[in-house]
Amino acid sequence: MKGATASGGGATAGANDPRQPGTARPYAPPKLSSQDLPVDYAGFLAVVFGVVGVMLHYKVCSWIAIIFCAQSLANMKNFENDLKQLSMAFMFAVMGLVTNYFGPRPGGTKR
């Protein structure tokens, strides 16, 4: 009855052990095409807040768009597509800030 227990340890456990360091391979992440990359939500939100800042004259939305542009720039994975979206979002954010701070006021104050 010596060899009948499965948790006995012994020499047979070492021969069937799959955790041998010689057979270990380093992890290699699978290659993804540009179509399979996750969506850049920061870039999308930068465009949305930039457009809202321009159209509705909200200064806060334009500043939030600038922040999301910086976040999208820091996490850029696909350079060509992300740069197009990021430049468009940045232009909307800057347009919103320029029209809010230097443009005509809604309601038109007369002097």
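The values are calculated or read from the model by the stated rules, or taken from the named source; none is laboratory data. What you are looking at is a predicted structure, and each value in this text was computed from that prediction instead of being measured. Every residue, glycine as well, gets a Cβ built from its backbone with ideal geometry; the counts of neighbours run over all protein chains shown.
Remarks
- Identity of the residue in the stretch 96-109, exposed (fewer than 14 other Cβ atoms within 10 Å of the Cβ) and not β-branched (Val, Ile, Thr), that ends up nearest to LEU45 (Cα to Cα): TYR101
- The stretch 37-95 - residue that is of a type in the set (D, E, K, R) and not in a helix (DSSP H, G or I) and, of those, surrounded by the fewest Cβ atoms within 10 Å (Cβ to Cβ): LYS77
- Restricting attention to the stretch 12-66 and to residues that are of a type in the set (A, V, I, L, M) and modelled with pLDDT under 85, the residue that is nearest to ARG105 (Cα to Cα) turns out to be VAL39.
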